[in-house]
Amino acid sequence: MNNKCTDDKECVLTYFLTLTLFFGGGIIDQVQSDQCDRDCCHIDAICQNTQASYKCTYIDECDIEYNGGCVHECNNIPGNYRCTCHDGFNLARDGHNCLDVDECVFNNGGCQYTCVNTMGSYECSCKEGFFLSDNQHTCIHRSVENCAVNNGGCDSTCKDTSTGVRCSCPVGFTLQPDGKTCKDINDCELHNGGCDHFCRNTIGSFECNCWKGFKLLTDERSCQDIDECYFERTCGHTCVNSPGGFECVCNKGYTLYGLAHCGDINECSVNNGGCEQGCENTMGGFECHCHPGYKLHWNKKDCIGKTVPLQAWGALEGLGWVLPELSLREYSRSPFTENVQFSYVRLRCSSSGPRMQSRHGRKAGYEEEGSAITAEFELDVNLEEVTGCCDLGCVRRRSEKRLRKTIRTLRKSIHREQFHLHFAGSNYELAKRLAWPVDLPEHCGKGQVLVDRKCVSCTVGTYYDRDQGRCVLCPAGMYQDEEGKNSCEVCPGPEVRGSPRSVGARNISECGGQCPPGQFSHDGFIPCLPCPLGTYQPEVGRTSCFHCGGNLVTKHNGAVSFQECETKVQCSPGHYYNTSTHRCIRCPMATYQMEFGQNYCISCPGNTTTDFDGSTNIMQCKNRHCGGEMGDFTGYIESPNYPGDYPANIECTWTINPPPKRRILIVVPEIFLPIEDECGDYLVMRKSSLSNSVTTYETCQTYERPIAFTSRSKRLWIQFKSNEGNSGKGFQVPYVTYDEDYQELIEDIVRDGRLYASENHQEILKDKKLMKALFDVLAHPQNFFNYTAQESREMFPKSFIRFLRSKVLRFLRP
């Protein structure tokens with residue numbers, strides 16, 4: 001392959017796995033001129049112009065006939081020549097002839113016994129009964145052991161000496177006391193060979209390996225944790241890295257399936273979400289609804305019975321007042337407003353833009369942008385107030401008058417910044433907050449605090465205190481069940497003596513004073529009654545209990561689950577109890593049940609479903625989405641639901657169509673397909689869907705050793721198919737398209753067994769972070785400059801770099 005550079009700029013040849021080799025060059029146009037005008041040649045030489053310089057040509061006397069008259073060798077020199085002789089000869093006085101040297105004259109030629117001169121050399125010989133040793137000078141008695149027979153008995157290297165053979169061993173071995181046997185040195189016995197984790201002794205050497213979840217550093221001794229969370233496809237929502245592993249965490253209202261994916265929980269599928277009446281599932285949550293004429297209890301699940309409602313709404317538009325961001329402190333003095341009792345009050349905050357102001361005929365104008373608190377009041381009309389003098393309509397009008405008066409008083413209190421609140425037996429003063437300087441560079445979002453120059457949301461059970469500039473635990477009597485809030489919610493119900501409320505409550509159930517599971521009361525607070533026979537209640541703070549149904553009874557009062565109802569049969573996991581037929585029914589597809597004796601099945605999260613009915617675990621809920629047209633440069637082909645088990649009876653088809661003059665490289669780090677069902681599940685890659693088209697790869701088995709290969713066709717059609725039998729983890733296969741000019745180099749690398757021989761090299765092909773970086777550079781060579789030289793050196797062990805360097809150098813050699 002020829003690589004050309006222009007404009008004196010450095011050329012870079014970046015290939016699949018190196019990141020380290022640079023080669024530069026340039027082409028400079030030269031100006032022709034007559035350099036021989038200077039006549040810098042020797043007097044006996046002839047000057048000749050060249051493209052950019054000149055050269056001196058001498059008369060070579062050795063080229064003429066008879067080798068310049070030399071008997072052995074003729075050496076041309078500027079303006080002359082010189083004769084030389086072969087080894088074992090000296091040049092005669094005439095400078096042309098060569099005379100033999102008699103080596104035996106001096107020190108017997110170094111021979112132990114007889115020296116025999118020969119033309120241009122000499123030979124040593126021994127007397128009878130002896131033979132020459134390997135050094136061809138000393139003699140050994142024939143009775144002495146020698147290397148010519150069975151290598152002298154040596155395991156490795158044998159050398160003949162005057163006293164007999166001498167054995168030696170290569171590096172990594174030690175000679176045993178018998179002087180002949182070589183034994184491998186176990187390098188791992190001393191300080192674990194210097195390895196951080198595992199040391200594996202090999203013949204004549206050793207190799208360091210790391211625990212799962214760690215990678216070997218370039219010193220080939222140290223191990224470093226692999227940050228699986230660096231790879232954006234690791235988890236559906238949040239990835240938490242840990243030494244040697246990681247954990248996927250789903251957002252509130254979602255649950256984990258397929259080991260790494262998050263799907264919405266259908267809370268309504270489990271006991272109607274705990275709702276007394278209607279339940280509506282939403283993404284990440286659910287809502288309970290009540291029938292007309294009923295209202296939702298504070299626990300957001302029970303419905304309070306029918307009343308004669310009197311409702312009024314008012315916009316309390318005190319500038320700068322935002323309820324979730326109010327600063328609360330206990331207020332011990334008497335409130336300034338009259339004591340008006342409401343059966344229901346709901347306060348709702350909303351932001352508003354500039355709004356028109358018009359009141360009692362005053363000139364309308366625009367107020368500045370602010371927020372509004374919308375208060376919804378509901379009063380119960382006391383039917384005992386109905387008398388002969390004042391009927392129901394009269395009572396309603398009196399109540400409306402008191403409500404309007406209360407709202408007017410509330411407006412005045414807000415504008416005077418004397419807004420006090422009596423709630424759940426406590427008095428509070430609501431103070432106006434100073435404006436937040438939004439132009440600060442360190443400004444974080446709502447309910448967030450700056451930690452190490454990063455905005456971090458306050459956790460559940462805390463709120464962001466603007467005065468202190470930090471997250472603070474919710475005070476006693478308040479709770480917060482969401483992250484990133486600027487205030488806490490008031491715990492419902494009165495404080496019960498003997499049941500003190502704690503700080504940092506993360507939900508209503510931690511507020512205290514509520515009825516525990518198995519009990520109920522008219523408002524959900526202490527004092528409570530146990531659920532009667534035939535009923536149960538699994539939650540806290542409820543106003544009623546659930547009936548077992550089907551005339552079933554419980555063994556005792558205060559039951560906390562349906563499992564305490566005395567059913568006629570005990571249902572196993574994967575089934576639910578039908579209270580109408582008193583039989584166990586298999587959970588339908590897309591549902592599961594893990595426990596014994598339940599009366600419901602749980603819906604699979606998100607868009608997942610099960611392979612069959614009667615499922616017993618959420619891990620049997622699987623995503624069936626797969627296949628499609630893949631990208632031009634890099635991408636992943638993975639079995640549906642990966643890294644969880646793939647579904648049964650699935651068929652996926654992908655196609656890769658590279659841009660012109662690009663080829664496809666594929667790495668299969670590992671693949672898990674069960675072999676018990678005789679190749680019922682298989683993965684095939686070929687040129688087209690035709691069964692007789694050129695096939696690049698096909699397998700129906702499990703392989704934990706990685707393999708890399710190039711496509712045999714420019715286009716790839718890929719199919720994965722499973723039957724209804726056994727399932728497995730499947731695969732996640734990365735691919736990259738590269739410039740076809742590098743085809744010879746890439747194939748030379750992936751076909752070399754040394755790429756897979758070392759366990760450390762295998763781990764490189766399984767390292768998603770490294771493979772992503774390598775594929776990124778191979779697809780777009782200019783991205784090489786996104787990595788510093790230090791990063792490039794630290795990515796791979798030295799043995800891997802040496803392997804690649806030899807390949808690249810050979811590829812670039814002209």
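General observations
- Cβ crowding within 10 Å averaged over residues, with 116-123, 663-670, 760-767, 777-784 ranked highest first: 663-670, 760-767, 777-784, 116-123
- GluC sites (Glu not before Pro) lying in DSSP loop within region 223-308, provided at most 15 other Cβ fall within 10 Å: Glu232
- Near Tyr697, the amide H atoms lying under 5 Å from its own belong to Met685; only residues 5 or more places off or on other chains count, and H is placed 1.01 Å from N.
- For Pro517, net neighbour charge (Lys/Arg +1, Asp/Glu -1) across residues whose Cβ lies under 12 Å away: -1
- Derived scalar couplings ³J(HN,Hα) [region 587-599; Karplus, 6.51 cos²θ - 1.76 cosθ + 1.60; whole Hz; x for Gly, Pro]: 4, x, 4, 6, 9, 7, 8, 8, 9, 7, x, 9, 10
- Only Lys, Arg, Asp and Glu carry charge here, each on its Cβ (+1 for the first two, -1 for the last two); on that basis region 628-716 has a dipole of about 940 debye about its Cα centre.
- Spatial separation of Cα centroids for region 73-138 and region 148-193, in angstrom: 37 Å
- Size descriptor, Kirkwood hydrodynamic radius, that averages inverse alpha-carbon separations across region 693-759, Å: 14.6 Å
- Under the convention that each Lys and Arg Cβ holds +1 and each Asp and Glu Cβ holds -1, the size of the dipole of region 625-812 around its Cα centre is about 860 debye.
- Highest average first, the peptides 134-142, 502-510 ordered by how many other beta carbon atoms sit within 10 Å of their residues are 502-510, 134-142.
- Neighbour counts of other Cβ atoms within 10 Å put Ile656, Ile203 in the fewest-to-most order Ile203, Ile656.
- Added length on full extension, which subtracts the Cα-Cα distance from 0.36 nm per residue, His625 to Lys769: 49.3 nm
- All distinct Cα pairs of region 544-633 go into the 1/r average, and the inverse of that average, the Kirkwood radius, is 14.8 Å.
- Taking trypsin sites (Lys or Arg not before Pro) across region 196-251, the ones in a DSSP loop with at most 13 further Cβ atoms lying within 10 angstrom of their Cβ are Lys212, Arg233.
- At an R0 of 30 angstrom, the distance between the Cβ atoms of Ser509 and Asn786 translates into a FRET efficiency of 0.05.
- Think of each Lys and Arg Cβ as +1 and each Asp and Glu Cβ as -1; about the Cα centre, that makes the dipole of region 514-622 roughly 180 debye.
- Peptide packing for 584-595, 76-87, 170-181 was compared via the average number of neighbouring C-beta atoms within 10 Å per residue; ordered from the highest value, the list is 584-595, 76-87, 170-181.
- Near Cys303, the amide H atoms lying under 5 Å from its own belong to Glu276, His297; only residues 5 or more places off or on other chains count, and H is placed 1.01 Å from N.
- Region 204-218-region 556-623 distance, computed between alpha-carbon centres (Å): 47 Å
- Around the amide H of Val560, modelled in the peptide plane, lie the amide H atoms of Gln537, all under 5 Å away and 5 or more residues distant in sequence or on another chain.
Throughout, read-outs are computed from the coordinates displayed, never taken from laboratory work. Source: prediction; values computed, not measured. Cβ atoms come from the backbone with ideal geometry, glycine included; neighbour counts cover every protein chain shown.
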